[in-house]
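Where a number appears in this text, it was derived from the coordinates with a stated rule and is not lab data. Remember, it's a predicted structure, so these values are computed and weren't measured experimentally. All Cβ positions, even for glycine, are placed from backbone atoms using ideal geometry, and neighbour counts span all protein chains on display.
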Amino acid sequence: MDKLQFVLGGSTWINLVNTKYSSNKQTVDILHNPSKTIQWMGENNLLRESDSLAIENEKDSLVPIIEELQSLRDFSNVILSDLKQHGELTLNTIEQLKILVEQINVSLTIVSKHNKLILVSEGITARDHVLYNIVYSIINTLDSISIDRIRKCEHQDCILHFVDTSKSGKRRWCSMELCGNRKKAADFYARKNKK
């Protein structure tokens, strides 16, 4: 999986769902590979410099983060299932989300960027920071994006999801390069073979 695939979902929590994908009819799980997991977290801006250093110095500190990511990925799939089946989150899912939020320790800090002060929320630990950003992504997506724009790729062999941010709202593929072209090529050869 290349860097583009780490972020093609368009939202961090969708990108987390996409850490499990299909390749050559086999399921691949990025979270089973610690170095790929670190790369995925980096591409999704989930690690502060201090978090990266801590993980690099204490390899065992990555294990609980990976376990949390796996659990949060399962929960994100529950959210996708709720949206598909009910068009909204069920009360049970909302309660689970509230419980998750209560377990994340966050602090506020002020950073200076381009001569402006910005109030920033960040997790106390690397675990808290990763989880906070993913939960924030869930809430932000559900608050700002129409649910019908959260989709599964239409290619029959693909299990990836994405947030359709296209103007027309008619995006069908996780990526034109990955699945759109494959589908178009398959259709072309099918038509050619019929002649």
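Kindly establish whether Leu117 is of a type outside the set (Val, Ile, Thr) and closer than 22 Å to Gly42 by Cα. It would help to see each step written out before you state the result.
On the way: of a type outside the set (Val, Ile, Thr): yes; closer than 22 Å to Gly42 by Cα: no.
No; evaluated as a whole, the condition is false for this residue.
Give me a count of the residues in region 82-141 that are within 21 Å of the chain's Cα centre (by Cα) and at positive phi.
Of the residues in region 82-141, 1 are within 21 Å of the chain's Cα centre (by Cα) and at positive phi.
Hey, could you check region 1-49 for residues that are in a loop (DSSP other than H, G, I, E, B) and surrounded by fewer than 18 Cβ atoms within 10 Å (Cβ to Cβ) and say which is nearest to the chain's Cα centre (by Cα)? Break it down into steps so the answer makes sense when it comes.
Within region 1-49, the subset in a loop (DSSP other than H, G, I, E, B) is 1-2, 8-11, 18-19, 24-25, 33, 44-48.
Now narrow it down to the ones that are surrounded by fewer than 18 Cβ atoms within 10 Å (Cβ to Cβ): 1-2, 24-25, 33, 45, 48.
Details: Met1: 14, Asp2: 15, Asn24: 22, Lys25: 21, Asn33: 17, Asn45: 11, Arg48: 18 Å.
Among those residues, the one meeting the criterion is Asn45.
Yes/no per residue for (1) touching a helix residue (DSSP H, G or I) at 6+ places or on another chain (Cβ under 6 Å); (2) in a loop (DSSP other than H, G, I, E, B):
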position	(1), (2)
Ser121	no, no
Tyr132	no, no
Ile138	yes, no
Asp143	no, no
Ile159	no, yes
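Please determine, by comparing only the residues of region 145-157 that are among the hydrophobic types (A, V, I, L, M, F, W, C) and part of a loop (DSSP other than H, G, I, E, B), which one is farthest from Leu46 (Cα to Cα).
In the first step, residues of region 145-157 are kept if they are among the hydrophobic types (A, V, I, L, M, F, W, C); the result is 145, 147, 150, 153.
Restricting the remaining residues to those that are part of a loop (DSSP other than H, G, I, E, B) gives 145, 153.
Numbers: Ile145: 21, Cys153: 25 Å.
Looking at the filtered set, the residue picked out is Cys153.
Quick check on this structure: which one of Ser71, Ser76, Ser52, Ser61 is in contact (Cβ under 8 Å) with a residue 24 or more places away in the chain, in a helix (DSSP H, G or I) and either among the basic types (Lys, Arg) or surrounded by fewer than 18 Cβ atoms within 10 Å (Cβ to Cβ) (or both)? Talk me through it step by step, then tell me what you get.
Details: Ser71 fails: in contact (Cβ under 8 Å) with a residue 24 or more places away in the chain; Ser76 fails: either among the basic types (Lys, Arg) or surrounded by fewer than 18 Cβ atoms within 10 Å (Cβ to Cβ) (or both); Ser52 fails: in contact (Cβ under 8 Å) with a residue 24 or more places away in the chain.
Selected residue: Ser61, the only one of Ser71, Ser76, Ser52, Ser61 that is in contact (Cβ under 8 Å) with a residue 24 or more places away in the chain, in a helix (DSSP H, G or I) and either among the basic types (Lys, Arg) or surrounded by fewer than 18 Cβ atoms within 10 Å (Cβ to Cβ) (or both).
Looking at Asp82 and the list (1) of a type in the set (Asp, Glu); (2) under 17 Å from Leu131 (Cβ atoms); (3) surrounded by 11 or more Cβ atoms within 10 Å (Cβ to Cβ), which single condition is not satisfied?
(2)
Where the second residue is in a helix (DSSP H, G or I) and of a type in the set (Val, Ile, Thr) and the first is farther than 17 Å from Val78 by Cβ and lies in region 125-154, which pairs have Cβ atoms under 7 Å and are six or more apart or on separate chains?
Between residues of region 125-154 that are farther than 17 Å from Val78 by Cβ and residues that are in a helix (DSSP H, G or I) and of a type in the set (Val, Ile, Thr), the close pairs are Ala126/Ile55; Ala126/Ile65; Arg127/Ile65; Val130/Ile65; Asn133/Thr12.
Specify which of the listed residues (Leu91, Leu142, Leu100, Leu117) is surrounded by 12 or more Cβ atoms within 10 Å (Cβ to Cβ), over 28 Å from Cys179 (Cα atoms) and not basic (Lys, Arg).
Working: Leu91 fails: surrounded by 12 or more Cβ atoms within 10 Å (Cβ to Cβ); Leu142 fails: over 28 Å from Cys179 (Cα atoms); Leu117 fails: surrounded by 12 or more Cβ atoms within 10 Å (Cβ to Cβ).
Every option except Leu100 fails the conditions.
For region 96-124, what are the residues that are in contact (Cβ under 8 Å) with a residue 40 or more places away in the chain and among the acidic types (Asp, Glu)?
We begin by selecting, within region 96-124, every residue in contact (Cβ under 8 Å) with a residue 40 or more places away in the chain; these are 97, 122.
Correct list: Glu122 only.
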